[in-house]
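Okay, so here's the structure we're looking at.
FYI, it's all coordinate maths here, none of it is from the lab. Predicted model only: the values in this text are computed from it and were never measured. Using ideal geometry, Cβ is built from the backbone for each residue, glycine included, and neighbour counts are taken over all protein chains shown.
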Amino acid sequence: MERKLNLDIAGAVSELEILLKRVFPRNIMYQLLLGRGLEFDGFRDYNQTDDAVLIDWKASVRGNKLLVRKYIEEKDLKFMFIVDISDNMIFGSTEKLKCEYAAELSAAVAHLILINGDRVGFVLHNDEVVSRRFPELGNRQFDIFVYELSKVLNYGGVSDLNKVLNGLIESINRDTSIIFLISDFVRVDESYTKTLEALSNLFECVAIIVRDPLDKTLPSIDKEVVIENPETKEKLLINPKVAKAIYERNAFQQLSLVKKIFRNCNIDFLELSTDKPFSGEFATFLRERIKSGRIVRKNVY
C-alpha cells in the first residue's frame, strides 16, 4: 500500500488566512507582498483607517506630519514556488516531516496569491526538475499544485538546488514577481553563491528555510545508535551524547553560512522549525518586509 503524506492542506490554508486577516485587518499588508505588486508613487497623508506599519517615518519627519507611501497597482502578478522534495526533506522528529511542513506552507501561501487574482507556478525538484507548471490563475492551478505536493512518488533523490537553478534561470518568465525558494538548504555552501546571486539579480527572491529540531541538535541519549547516509547508504555507529557538541557546532556553522549567502545575494529569508506553526512566523516576516520597504517590485528591463 502506498504511503500517504501527513498533510492538512485545508487546515493550513485556513489558519494562515485567518491569522493574516486578524493581524492585517484591511488585507493591505499581504496584498503588498502576495497579491498586488506595487510601484512606489509618492506619499499621502496618514488617516485613522491606515495600519501604523504603513507610516514612512523618515518622510513624516521631513514633512512634519504623518505620511504613508502610495503605490501604483500592477495587475496579474506571477509567483514561482521552487520546492525541494529530495531525500533530506523526508525527515522529521516532530508531527510533520520537513517535506510535509513545506508542502502545507507552500499550498497556504499559494492559495493567498490565487484568491487575490494572481498567478502561481511551481517547480518541485531534487537534483532534477520532478514536476513543473508555469504560472496560471485559479482553483485548478491550486488543485494541481496540491496534487503534486501530495504525490508520494514525487519525493526522493539527491538535492541539488544549484544544478536546478542553473537550468531554470533562462526559462523563468522575466516578469515573475517573486520566487519562493523552499528547502532545508542543508547542502548549500559557497558554491551556490554565484547562482543565487544571478537569480536575485533578475527576480525578487524569498528563501524559506525549513528545519527539523534534529537538524540543529542531537538528543542526549547515552548509548550507541546507527545512522545512515540516505545518499550513499553508508552507516555509522555513534553515541549522540558524545557527538552532540560537534554536531551542534557544525549545524550552526552551516546554517550561519546559508544566511550569510542569502544576505550577500540580497535574498530575504525566513527560518522555520517543524515543531512550531508557520502562520505566526510568516505574518511577522511579512510585517518586517513591509517595515523595511521590501515589497513586490515591478521588474524593469
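A few points about this structure:
- When each of the peptides 192-200, 118-126, 206-214 is scored by how many other beta carbons lie within 10 Å of its residues on average, the order from highest to lowest is 118-126, 206-214, 192-200.
- Placing dummy labels 7 Å off each Cα toward the beta-carbon, the span from residue 175 to residue 252 is 4.8 nm.
- Each of 93, 256, 279 was scored by other Cβ atoms within 10 Å of its Cβ. Listed from fewest to most, they are 256, 93, 279.
- Full extension of the chain between residue 45 and residue 163 yields a length gain of 37.6 nm, computed as 0.36 nm times the residue separation minus the alpha carbon distance.
- Extension gain (nm, one decimal) between residue 276 and residue 214, 0.36 nm per residue minus Cα-Cα: 21.0 nm
- Separation in nanometres of the label points that stand 7 Å from Cα toward Cβ, at residue 133 and residue 152: 2.2
- Checking the cross-link pairs 21/151; 216/259; 4/96 against a 21 Å limit on the alpha carbon distance flags 21/151 as lying beyond it.
- Residue order, fewest to most beta carbons within 10 Å, for 147, 101, 155: 147, 155, 101
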